[in-house]
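The values are calculated or read from the model by the stated rules, or taken from the named source; none is laboratory data. Since the structure is predicted, the reported quantities are computational estimates derived from the model, not experimental observations. Neighbour counts are summed over all protein chains in view; Cβ atoms, including those assigned to glycine, are modelled from backbone coordinates with ideal geometry.
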Amino acid sequence: MYPDVKIPTKVPGIIAMKFSSRARYGLRAMIALAQGYRKGPISLAEIAESEDISLSYLEQLMAILRKASLVEGTRGAHGGYQLTADPVSITAGQVVRALEGPLAPTECVSEGGESGYCRRETVCPSKPLWEQVRNSIAQVLDTTTLADLCSTDKLEVG
């Protein structure tokens, strides 16, 4: 893409900008629930095995998603979890925000963040770039539904 620019793979002391395992694993679990939508509850053990996610970690994620009203649990022998709405109406953005909080490539442009985080914000030449990065990520997440993710041929990578 940029042949003259060397991009370091690792820089000591610097963490790359990326989503955490909470968002990645939580989204995979939600896609599994979307694939089983209207077939009844799916056990966490089944999702943990099919998605290769620790059962105890998956339980933590589902507790957060349940509090966000994205999933509901059913107890009993045939219990498990299911989506609270059709996969067409749940976006990746809803899932990621439930698990991660507001999108924030930098603290000064966090969604819903208050001004005054940085004394340079009114004169910062890079702030508009970070706002554009945040908005671009939000646009992709908020226009991609779980139904879209169940059918990868519908996704455009470009």
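Remark: pairs (first residue in segment 108-127, closer than 26 Å to V96 by Cβ; second residue outside any loop (DSSP other than H, G, I, E, B) and at pLDDT below 85; Cβ separation under 7 Å; 6+ apart in sequence or on different chains) = Y117/E107; Y117/C108; C118/C108; E121/C108; K127/C108. Checking every residue in segment 127-140 against the condition of being farther than 19 Å from S20 by Cα, at pLDDT 90 or above and touching a strand residue (DSSP E or B) at 6+ places or on another chain (Cβ under 9 Å) gives zero matches.
Report whether or not L99 is assigned to a helix (DSSP H, G or I) and either touching a Cys at 6+ places or on another chain (Cβ under 9 Å) or of a type outside the set (V, I, T) (or both). Criteria met by L99. Among the residues of segment 39-53, those that are under 17 Å from S20 (Cα atoms) and surrounded by 13 or more Cβ atoms within 10 Å (Cβ to Cβ) comprise E51, I53.
Residues in segment 141-158 that are charged (D, E, K, R) and at pLDDT 85 or above were compared, and the one that is nearest to A34 (Cα to Cα) is D148.
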